[in-house]
Amino acid sequence: MKKQATDVYIKSADEIEAVVQDFIEQYLGLGSIKRLGIAVSSGADSIALFHLLLPICKERGITPVVMHLNHGLRAESEEEALFVTELAKSNGLLLATETIDLRNRKPNNQSLEMSARNARLRFYGDCMQSCKLDALATGHHANDVCETLLLRLARGSGIAGMSGMRPVTLLKVGDNQETSITILRPLLNIASRALREWLKSRELTWHDDLSNLDTSIPRNNIRHIVLPFLRDNLSSEIDSRLCHSAATLREDDAFLNELAGEKLNAIRYDKSLLVPALLKLPLAIRRRILRLWFFEQDLAAAAGFRSINDLLLQCETADSNWRFQLAENVIAKLNNNLLSLINPQTHEMLPEVEIAPDETILWGDFDIRIERSQGIEAQSQGVGFFPSSCSLDAKKLKGKKLIVRQRQTGDRINPTGLKGSKKVKDIFIDAKIPQEERDAIPIIACGDDVLWIPGYRISRDYALSDDKAESIHITVSKSL
């Protein structure tokens with residue numbers, strides 16, 4: 001069991017080394033990290049991180065790699081890059097560095113701060129792979145915790161947002177979220193002022209970033225205007241109190257996530273959720289279950305408060321079958337009390353499979369049961385909803401091969417009760433089946449003839465001549 005930290009706001013420079021050693025014992029005690037990236041910007045916090053971790057790495061046989069990203073935003077950037085390069089060189093360390101030009105970035109509706117953050121994460125991901133790192137450390141400190149809590153409070157964040165930065169964070173980055181990053185923050189309980197005092201006492205130099213004085217940037221506004229006001233008018237200990245609040249929120253958030261994870265497993269049905277069971281849970285747990293469920297399926301775009309709230313309201317409607325747009329190209333679907341998500345990034349080519357009476361096959365996410373029967377047994381809730389069943393004329397199928405496959409370009413069916421034929425594509429459009437979901441719906445065919453689309457009419461060419469005729473009964477249901 002991890003031991004409890006004695007304090008979450010360290011003001012004394014004399015305690016810093018013991019706090020960092022404590023962090024290393026707590027999070028690196030098992031020795032799983034052999035190569036550690038150290039993010040060094042040249043500012044006081046990252047320079048303190050560098051000098052604090054260097055002897056620990058040497059003692060534990062960890063190979064440190066210095067990482068520096070030059071954002072190309074200021075005239076001093078080149079000087080700072082040279083400073084970090086010399087720091088790594090003089091200590092005989094590996095250096096990973098990159099220069100970008102954020103000043104001339106293409107417009108993408110992102111703030112400069114967010115663009116810089118995304119660039120750093122991409123750079124970290126590249127370093128994790130190219131330098132074969134097990135983790136990386138950043139110089140975030142207690143003042144960052146205070147600022148983050150106030151910023152996210154202003155944005156209306158919940159517990160997860162306001163609990164702010166964690167001592168250890170696992171992130172996935174890259175276009176397809178293919179790279180995992182473990183970020184360590186050994187200085188998270190230490191005040192910025194204490195770090196500077198520690199550096200001065202050892203005559204260690206650093207570079208101050210003058211852009212941190214620009215109060216048009218929200219974080220700098222919190223740092224130079226809001227927090228000084230709170231110290232003067234509410235409490236001189238406001239920083240310490242905010243850090244304690246964030247630590248409490250982190251513990252609460254971790255416990256609630258663990259509880260939500262247990263409840264998620266209890267109401268899970270394959271990749272779907274049982275909505276009646278979900279709605280019996282407290283609202284706070286419902287929201288967390290959906291958030292965890294979205295992240296499991298790499299659908300973070302749908303995990304915002306508004307999307308989750310809207311989806312819960314939709315789940316409370318009396319309708320038993322529906323589709324609901326959550327975010328761009330992210331769709332939730334309810335079918336027989338089962339809530340599922342459609343991820344457009346997942347596209348699977350499914351095989352053509354021959355099917356025969358008295359067997360059940362698994363095709364994609366479906367169980368397809370074929371039985372010999374007599375007369376008509378049919379069940380239909382509409383295209384895209386399951387289970388669904390039909391009956392075909394056994395005599396007309398004699399000697400022919402029955403198959404299940406994906407839709408094909410030009411597919412048409414001659415539906416019972418209608419004249420002529422209809423494109424399968426148009427049937428999907430009329431049923432409002434999202435394009436990214438259509439390839440997953442099984443098509444029952446015989447040669448080039450489409451016999452049945454689950455939830456739709458069968459082909460009149462294979463319909464039973466009378467209610468007592470021998471039939472082939474097909475049922476398509478979601479696989480367990």
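Each value in this text was obtained by applying a stated rule to the coordinates, not by laboratory testing. Since we're looking at a predicted model, the values are computed, not measured. Every residue, glycine among them, receives a Cβ derived from its backbone with ideal geometry; neighbour counts consider all protein chains shown.
What aspartates and glutamates could a cross-link reach from LYS422, if we take a straight Cα to Cα line under 13 Å and drop same-chain neighbours fewer than 8 places away?
List returned: ASP411, ASP430, ASP449.
For VAL450, VAL66, VAL353, what ranking results if the residue with the fewest other Cβ atoms within 10 Å of its Cβ goes first?
Fewest-to-most ranking of VAL450, VAL66, VAL353: VAL353, VAL66, VAL450.
In 20 Å bins starting at 0, how do the alpha-carbon pair distances of the chain split up by percent?
19, 40, 25, 14, 2
By the gyration tensor of its Cα atoms, with a ≥ b ≥ c the square roots of the eigenvalues, what is the shape of the range 35-76: rounded for a/c under 1.5, prolate for a/b over b/c, or oblate?
On the way: a/c = 5.05, a/b = 2.15, b/c = 2.35.
The shape class here is oblate.
Can you put LEU213, LEU273 in order of Cβ neighbours within 10 angstrom, beginning with the fewest? Working shown, then result.
Numbers: LEU213 11, LEU273 22.
Ranked by crowding around the Cβ, least crowded first: LEU213, LEU273.
Once you have a ≥ b ≥ c as the square roots of the Cα gyration tensor eigenvalues for the range 13-247, tell me rounded if a/c is under 1.5, and otherwise prolate or oblate according to whether a/b is larger than b/c.
Details: a/c = 1.35, a/b = 1.15, b/c = 1.18.
It is rounded, given that a/c, with a ≥ b ≥ c, falls under 1.5.
What list of whole percents do you get for P(r) of the range 268-342, with Cα-Cα distances grouped in 10 Å bins up to the one holding the largest distance?
20, 63, 17
Using Cα pairs under 8 angstrom and six or more residues apart, how large is the relative contact order of the range 175-312, in percent? Don't skip to the end; give the middle numbers.
Working: 50 pairs, mean separation 15.8, N = 138.
Computed over the range 175-312, the figure is 11 percent.
Could you give me the percent of Cα pairs per 10 Å distance bin for the range 355-430, shortest bin first, beginning at zero and ending with the bin that holds the maximum distance?
Computed distribution, short to long bins: 14, 44, 39, 3.
When the convex hull of the C-alpha atoms of the range 384-426 is computed, what volume per residue in Å³ does it have? Intermediate results must be reported in sequence, preceding the final value.
Details: hull volume 5.8 nm³, N = 43.
Convex hull volume per residue, Cα atoms: 134 Å³.
Sorting LYS419, LYS280, LYS271 on the 10 Å Cβ count, fewest up front, what's the list? Provide the component values of the computation, followed by the final result.
Values: LYS419 7, LYS280 11, LYS271 15.
Fewest-to-most Cβ neighbours within 10 Å comes out as LYS419, LYS280, LYS271.
If you take the C-alpha gyration tensor of the range 329-480, multiply each eigenvalue by 5 and take the square root, what semi-axes do you get, largest first, in whole Å?
Working: eigenvalues 123, 56, 44 Å².
Ellipsoid semi-axes (Å, largest first): 25, 17, 15.
Report Rg (one decimal) and Dmax (nearest whole number) for the range 7-138, counting Cα atoms only, units Å.
In Å, with Rg to one decimal and Dmax whole: 15.9, 47.
For n ≥ 4 DSSP H runs only, could you compute -39500 (n - 2.57) per run for the chain, divide by its residues and tell me the 222 nm figure to the nearest 500? Could the numbers behind the result be given before it?
Details: 15 runs with 171 residues, N = 480.
It comes out at -11000 deg cm²/dmol, rounded to the nearest 500.
Suppose every Lys and Arg Cβ carries +1 and every Asp and Glu Cβ carries -1, with no other charges. What dipole size does the range 13-247 come out with about its Cα centre, to the nearest 20 debye?
Numbers: 26 positive and 29 negative charges, 134 e Å.
Once rounded to the nearest 20, the dipole reads 640 debye.
Given a cut-off of 25 Å, name the pairs among LYS89/LYS200; LYS172/LYS333; LYS400/LYS423; LYS395/LYS419; LYS11/LYS89 whose C-alpha atoms lie farther apart than that in the structure shown.
Details: LYS89/LYS200 22 Å; LYS172/LYS333 27 Å; LYS400/LYS423 23 Å; LYS395/LYS419 23 Å; LYS11/LYS89 32 Å.
Cα-Cα > 25 Å for LYS172/LYS333; LYS11/LYS89; rest within.
Using the alpha-carbon atoms, what tilt in degrees (0 to 90, nearest 10) does helix 238-266 show relative to the longest principal axis of the chain?
Around 20 degrees separate the two axes.
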